[in-house]
Each structure stands twice: as C-alpha cells, then as structure tokens.
Amino acid sequence: MNNIILVGFMGSGKSSVGRFLSQRLNLPFLDTDQVIEQDSNLTIPELFNIYGEKYFRLLENQLFEDIIEQKLSNYVIATGGGFPCYLKRREKFKSLGDVFYLRNSKKELINRVKNDSNRPLKFKINLFNQREFCYNSIADQVINCEFMTVEDVAEEILFRRE
Ligand code: S3P
C-alpha cells in the first residue's frame, strides 16, 4: 500500500501539508479526523464531549481496519495526533506506506494549539513526550518542520521519497 502517511502532534501541519501534497501529486487525500466527523455526523469536540475519548479511539481503530481492508493505495493520509499511538494493531501501521513524522518544537506547538476550540486535548508536556516516542518509533522519516512553510515541508517529503 503505497501511501504517504503524515503523523505528528496536534498543530504540526499534517492536514495542510497533506492537502497541498495531494494537489501537487494529483493523488486523493484522506484526513482521518475528517472521515470520522463525516461518518459520525459530529465534530471531534462533540464526539469527545458526548461519548468520551475512549469511544473516539475506537472509531480511529475502526477506520484503520477499514483502510487496511480496502487496501487503500496511492493516497496522501493525514492522521489525527493520537491516531497511530492507540492502535490495537500498531505493527500494521507501517504497511500502509511511507510514514513521515512532522516534528515541531514544543514552543511552536503550544502557540498553535492554545485557544483552539476545535481541539479537545490541550498541550501537556507528558502527552508530548509520550507522543514523541510513539511517532519516532513508527516513522520512516522525521522532518523538522520548524520555520518551514507548508510548501517546503511538502517538497522535503517528495525529495526524501525519491
Ligand atoms: C488528537 C488530535 C486531533 C484529533 C483529536 C485528538 C490527539 O487531531 O484527532 O482531537 O489525540 O492528539 P489533530 O492532530 O489534527 O489536531
């Protein structure tokens, strides 16, 4: 399954870079948060408020199994910040394609995430450290995105894929 998969903390630019890349390469784009919102007819904050985080993780797991079952190929996939970290079958994640971790500094992420009402989870240093471990363990490539534009990050991904 030859997909480009973007992982990283909330606010790291996965959706913007993913959308840009998909247009640049003329490939279909899948944003896991968007699919979950469409399928459930609820926003992410609503899902967290009404059903709780555990239920949201269940939906992420179901979506992951669907992607594997459908053998989705040649997609650009932007994942929610926790998506790869709560999978029951995380060992299958890499089989989806090339995994890029869009890494940003804590300072930058805090700035981007604060005051964002679309994100039910807030920046916490423990969460950041746990996630950093998770992303590093599954990424084929780590891209230090600080001071890079969306276009720059996309070009760097293409360069590293060659
Ligand atoms: C989450 C990140 C969010 C979204 C949900 C949970 C997380 O996605 O999936 O709020 O656990 O880090 P973004 O990374 O696109 O903000």
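The values are calculated or read from the model by the stated rules, or taken from the named source; none is laboratory data. Everything numeric in this text was worked out from a predicted model, so none of it was measured. Using ideal geometry, Cβ is built from the backbone for each residue, glycine included, and neighbour counts are taken over all protein chains shown. Calculation scope for accessible area: heavy atoms of the full protein, side chains included, ligands and nucleic acids excluded. Shrake-Rupley method; radii C 1.70, N 1.55, O 1.52, S 1.80 Å.
Structure notes:
- The number of residues in region 106-159 that are within 16 Å of the ligand (Cβ to nearest atom) and among the aliphatic types (A, V, I, L, M) comes to 11.
- Looking across LEU21, LEU30, LEU42, one residue alone is assigned to a loop (DSSP other than H, G, I, E, B), touching a helix residue (DSSP H, G or I) at 6+ places or on another chain (Cβ under 8 Å), more than 10 Å from the ligand (Cβ to nearest atom) and at pLDDT 95 or above. It is LEU42.
- Of all residues in region 24-42, those that are closer than 22 Å to MET10 by Cβ have Cβ atoms under 6 Å from Cβ atoms of residues that are among the small types (Gly, Ala, Ser), 6 or more apart or on another chain, in PHE29/GLY18; PHE29/SER22; ASP31/SER15; ASP31/ALA78; THR32/GLY80; ASP33/GLY80.
- With respect to the conditions (1) assigned to a loop (DSSP other than H, G, I, E, B); (2) closer than 19 Å to ASP33 by Cβ; (3) hydroxyl-bearing (Ser, Thr, Tyr), SER73 lacks only one, and its number is (2).
- Among (1) open to solvent by 90 Å² or more (accessible area, probe 1.4 Å); (2) more than 20 Å from GLY52 (Cβ to Cβ); (3) in contact with a helix residue (DSSP H, G or I) (Cβ under 7 Å, 6 or more places away or on another chain); (4) not hydroxyl-bearing (Ser, Thr, Tyr) - the single one LYS107 does not satisfy: (3)
- Residues satisfying the stated conditions in region 5-31, i.e. surrounded by fewer than 21 Cβ atoms within 10 Å (Cβ to Cβ) and within 14 Å of LEU72 (Cβ to Cβ): SER22, LEU27, PRO28, PHE29, LEU30, ASP31
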